[in-house]
Amino acid sequence: MEKKDLINIGILTLFLLLIVLIITNGGYYYGSTLDWSNQHFFIPEYFRTLFYDTFDLLPDYAFNLGSGQNIYYFAYYGLLNPVILISYLFPFVKMIDYIMISSILIVIIDIILLYKWLKSRNYSSSTCFIATMIFLCASPIIFHSHRHIMFVSYMPFILMALMGVDKYFKENKKWLLTLSVFLIIMTNYFFSVGALVAIVIYGIFVYLEQKKLSLKEFLKEGFKFLYPIIIGISMASIILLPVVYTLLNGRDSTTQVDLINLLVPNFSFNTLTYSGYSMGLTAISLLFILNSLFKEKKYQFLAISILLLLTMPITNYILNGTLYLNTKVFIPFIPLVMLLSAESIKNISNFEYKKVLLAILFIVILSWFTDSFSRVSFYYDLAFSFILLIIYKYYKKVIYIAIILLFVFSLKVNIEDELVLKDKLKDLGVTIIDDSIYRTGNLIDSSLNVNNIYNINYNSTNLYSSVFNKKYNRFYFDVFNNPITYRNRSITSFSDNLLFNNYMGVKYIVSNYELGSDYTLLQEQDNSKLYLSNNSYPIGYITTETTTIEDYNKLNYPDNIYHIMKSAVVKNSKTTIDSKVEKIKLDYSIVTNNTDMQYKNGIYYFNIKDSSSMQVKTNISDDQILFIRFDMLYSEKCSVADTSITINGVKNKLTCSSWKYHNQNYTFDYLLYNNNDILNILFSKGHYEITNIKVYTLDKNELNQKIIPFAIDKNLTKGDNIVGTISAQDGYFILQVPYDLGYKIYLNGELTDYEEVNDGLIGFKIKKGDYEIKITYEAPYKKIGLAVSLIALVIFIFNAVKDGKNGKNFSNNTLL
């Protein structure tokens, strides 16, 4: 690389840093309030905290998150990610700072590698500069370095892989390709699917550069080319195989699709342009792709491949693992578009203007017939870019106008992201001194702190992850009916649900408001109050009462909760208790009402132009728990908003009808235990149709429970192990952790079987006696994955040594 290349890279880097400075403005973190603030550094911080407690690089269990879960449910956020693992070397650097710095450095590395790759393909410095500028201004590249960092954090390794493809064909060296594939998967297994497709497409492209197309020879060389890729995939089995288990058990498809529609091309090119959740390029990139259709066969192949990917919804669906349709999966293909861009810029004098114009007209016509003509602005962009290219052919300096426009476009995309204020993220605010194992909840900014594990002794019931234990998610939302406050059911944040928190062993709660007589105030510091629950369960216990599953399945909410809290819900037993929950007709009077309310045929209709409120007086005392539930018959249009109803601070939300992660919250549930004599009801903007209102009460003294607590040993409970003692009576041992495969439970050293109890938890039958109980967790398929990875690593090392010996004797006339 020459001096002018270094200057170009320096200019591109300054361009990036300028955007960083503008959007952070001195008072913001380089991170979005959406997901980045509650996932992308809190979960890696937990991984690092866990490592320094256990010094185990390959953990199986996350006891601190989600009441205890297979740690591979959180692998998406950096478990074994090489970028995150480097942070383990710097425990003195806050993870939030490390994530911000590494995210910016990754984009700088992207700039260098893309420029270097294009330069290695004999493009001029000016061509490399323009193509790299287009790449840098692609919406997701900078945008997701401060929003969803895993959407782009693998990009350096894709660029390394493309260099590895060149090295494979030119020098017969496989090591770089294999290593790059491995690093892509370890960095992000989800985007590795698209990345591997991009690598294979580029491999075919390079093959066409060097060989005449012969089907027999192509297939023969193709299988050889796949060999180093397969070794790279196999090396990553340590993450892939355990993750496959969590994906099969932890995520459902959220989108209903019509197969016929998947096969109908879409020519709106929303997969290519503008959005940070697509390639995020501008219309000029489409012109470069179309121009390549009329060039050599290798460029024709590359252009056709990209167009098929972008226009056929079936490819979108497959690359998303058949979970949903989301254009983010096309981000890994950006470098291939940059290659076509560089080629068109290099040969601008031979740009096929007439043919490209005809192709555009053809696309416009197809758009009309396929209902894809959705963005007129895109066609204005096409027209302007086409004119710009004509001018550039004769007047090169017009490129400065294009660069300014790219800068403005990139700045607009990034400045629209709401960043986190620096004073927003705070410590817990209070100090807990307790030698037992317990759980803690934080009601201050509960969505922001949903994954915040403040220290290794902080155990929570909450989590926010794209993959999760489905049994626990159901237990949280459909058994205990915690309110759904957010736009999707992936967020199980801490809520002020007295029964759930007590039952799950939440001993301490941090709040910025009064919690009432059910809690004891221990500390108050600034705006943080530390409360001790007066009735929290231990995390493990023995009960002698039982409920049969058959009887339990006949129960409605909230009778089911009473039976879970008072007994063990198990097979092959008898029901020994009766529910004390009462269904009542609420005696109330409306004190104030600012809503537009109508009642007809059992349905309440509300039309709320702006947020409105209602105050209701009841006869419910603080000695009673009040349950309110009703059905929502109408999901508002997304052009209006989501709709939510808040009662005494407890909020339920129903997402708008076309939202892709619709939360399906058509039944609103409220558990109120404090100041129930006055109900303050707040409606957000929107139309409401409410019916089937039901009200229940439960006396708090009915929850007193005779249980035998499990004394967990704090010194021995670490990493993948839970250890403690108990003096048992004949009954059922219940551990308040989500049921899953992979546990081994030892009673006085003897392995015992466990089962799913209480509609989602772990339990087993136990006889009278004194026991030391050891519970260990081993992630399913981890051992197999580790074995495959080690075998593949040995093969990789062998190939790398062989590359070093044979590379010098390689002839360009052969591929292997």
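The values are calculated or read from the model by the stated rules, or taken from the named source; none is laboratory data. Just so it is clear, the structure is predicted and the values come from calculations on it, not from any experiment. No Cβ is skipped: glycine too gets one built from the backbone with ideal geometry, and neighbour counts run over all protein chains shown. Areas reflect the complete protein model, heavy atoms only, side chains present, ligands, DNA and RNA absent. Shrake-Rupley method; radii C 1.70, N 1.55, O 1.52, S 1.80 Å.
The figures follow:
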item	result
Of the criteria (1) assigned to a strand (DSSP E or B); (2) surrounded by 15 or more Cβ atoms within 10 Å (Cβ to Cβ); (3) not aliphatic (A, V, I, L, M), which one K617 fails	(2)
Those residues of the stretch 392-412 which are farther than 19 Å from V20 by Cβ and open to solvent by less than 70 Å² (accessible area, probe 1.4 Å), in sequence order	Y392, K393, V398, I399, A402
Which listed residue, of D97, D60, D35, is surrounded by 14 or more Cβ atoms within 10 Å (Cβ to Cβ), out of contact with any helix residue (DSSP H, G or I) (no Cβ under 8 Å at 6 or more places or on another chain), among the charged types (D, E, K, R) and within 30 Å of Y777 (Cα to Cα)	D35
V93 being closer than 24 Å to Y458 by Cα, more than 16 Å from the chain's Cα centre (by Cα) and outside any strand (DSSP E or B)	yes
Strands (runs of 3 or more DSSP E) within the stretch 708-816 that include 1 or more residues in contact with a strand residue (DSSP E or B) (Cβ under 8 Å, 6 or more places away or on another chain), of a type in the set (D, E) and surrounded by 13 or more Cβ atoms within 10 Å (Cβ to Cβ)	755-757, 769-777
Hey, D559 modelled with pLDDT of 95 or more and closer than 20 Å to E755 by Cβ or not	no
Any hit, the stretch 521-529, residues being open to solvent by less than 10 Å² (accessible area, probe 1.4 Å) and either under 34 Å from the mean Cα position of the chain (by Cα) or modelled with pLDDT of 95 or more (or both)	no
Selected residue [under 29 Å from the mean Cα position of the chain (by Cα), at negative phi and of a type in the set (S, T, Y)] from Y688, Y743, Y732	Y743
Whichever residue in the stretch 530-564 is surrounded by 21 or more Cβ atoms within 10 Å (Cβ to Cβ) and aliphatic (A, V, I, L, M) and, among such residues, is farthest from the chain's Cα centre (by Cα)	I542
Residue count, the stretch 782-803 (criterion: within 29 Å of the chain's Cα centre (by Cα) and of a type in the set (K, R))	2
Subset of the stretch 467-496 (residues that are hydroxyl-bearing (S, T, Y), in contact with a Lys or Arg (Cβ under 8 Å, 6 or more places away or on another chain) and crowded, with 19+ Cβ neighbours inside 10 Å)	Y486
Matching entry among L247, L290 (being open to solvent by less than 10 Å² (accessible area, probe 1.4 Å) and either within 22 Å of V364 (Cα to Cα) or within 23 Å of the chain's Cα centre (by Cα) (or both))	L290
Single residue of M279, M312 found to be touching a Pro at 6+ places or on another chain (Cβ under 8 Å), under 22 Å from V200 (Cα atoms) and open to solvent by 40 Å² or more (accessible area, probe 1.4 Å)	M312
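One line per residue, one yes/no per condition, for (1) part of a loop (DSSP other than H, G, I, E, B); (2) out of contact with any Asp or Glu (no Cβ under 9 Å at 6 or more places or on another chain); (3) farther than 26 Å from D496 by Cα:
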| position | (1), (2), (3) |
| --- | --- |
| I628 | no, no, no |
| A641 | yes, yes, no |
| W659 | yes, no, yes |
| N674 | yes, no, no |
